[in-house]
Amino acid sequence: MANLKYDKILDRTVDDKKIKYGILYGNEKIVFIKVGADGNIRGYQDKYLRMAHRVHARIGATVICASNPYISESAHIKADTTLINKVITERGFDHYELYFIGNSDGGDHSLKLSQQFPETVKFLGINSSWTSIDDFLERIQSLPGVKKIFAYGAKDVDFDFIVPRLKTLECSNLEIIVLDGIDHKFTDRIDDFIALIDLI
């Protein structure tokens, strides 16, 4: 783990706080990872950095990992959209695919962000939380052409509330994965968390 790093790290100051972005350069498959609330781009036991390297090694993806400081949702969306477009322009991608991943609070954020890009192919929410459950469910339905995967630990605090509601929306492009024995933080199960990147 100690030798893993991002190719580039950028800071964007928003509302007097910094959003930090770690970037691994690769091909036109762009994977955007939004970490949980107040999380950093490496994560506990380097989980986000390890995720980024795993998907980069497997499919050659360009990976952008974004921190999640306590600032307004609209400020996050604006900064993240700008950063994604900057990477696309700098890399000279005429055609590209976007894959969004979000953990906890980052799941709701990534779902909102995916609506900004018609090039979105797939969304993965891990123990996703939300500001408003009705808005969350509405956003899911507003992306009919996007493959959506929700992975919830069976011990997650919101499991019994959200999973039955998600199941009412289940269809060919919405998949729900139940992770037995896993809580919201993936306590003692970090490798299982990292392996979820293989769903992309």
Does any residue of region 113-133 turn out to be under 17 Å from residue 64 (Cβ atoms) and in a helix (DSSP H, G or I)?
yes
Can you confirm whether region 52-67 contains a residue that is touching a Cys at 6+ places or on another chain (Cβ under 8 Å), more than 24 Å from residue 16 (Cβ to Cβ), of a type outside the set (S, T, N, Q) and part of a helix (DSSP H, G or I)?
yes
Which numbered condition trips up residue 39, out of (1) open to solvent by 40 Å² or more (accessible area, probe 1.4 Å); (2) modelled with pLDDT under 95; (3) assigned to a loop (DSSP other than H, G, I, E, B)?
(1)
Going through (1) on the phi < 0 side of the Ramachandran plot; (2) part of a loop (DSSP other than H, G, I, E, B); (3) open to solvent by 10 Å² or more (accessible area, probe 1.4 Å); (4) free of Cβ contacts under 8 Å to residues at least 60 places away in the same chain one by one, residue 175 fails only at (2)
So the check is Cβ under 8 Å with 6+ separation or different chains; which pairs have a first residue in region 1-29 that's closer than 15 Å to residue 53 by Cβ and outside any strand (DSSP E or B) and a second one that's of a type in the set (Lys, Arg) and open to solvent by 70 Å² or more (accessible area, probe 1.4 Å)?
25/8; 25/91
Going residue by residue through region 99-106, is there one that turns out to be farther than 18 Å from residue 32 by Cα and in contact with a strand residue (DSSP E or B) (Cβ under 9 Å, 6 or more places away or on another chain)?
no
For region 119-148, give me each residue that is surrounded by fewer than 18 Cβ atoms within 10 Å (Cβ to Cβ) and at pLDDT 95 or above.
119, 121, 147
Out of (1) open to solvent by 10 Å² or more (accessible area, probe 1.4 Å); (2) farther than 13 Å from residue 107 by Cβ; (3) of a type outside the set (D, E, K, R), what's the single condition that is false for residue 182?
(1)
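The values are calculated or read from the model by the stated rules, or taken from the named source; none is laboratory data. Quantities reported herein were computed from a predicted structural model and do not represent experimental measurements. Glycine also receives a Cβ, built like all others from the backbone with ideal geometry; neighbour counts cover every protein chain displayed. Surface areas here come from the heavy atoms of the whole protein model, side chains and all, with no ligands, DNA or RNA. Shrake-Rupley method; radii C 1.70, N 1.55, O 1.52, S 1.80 Å.
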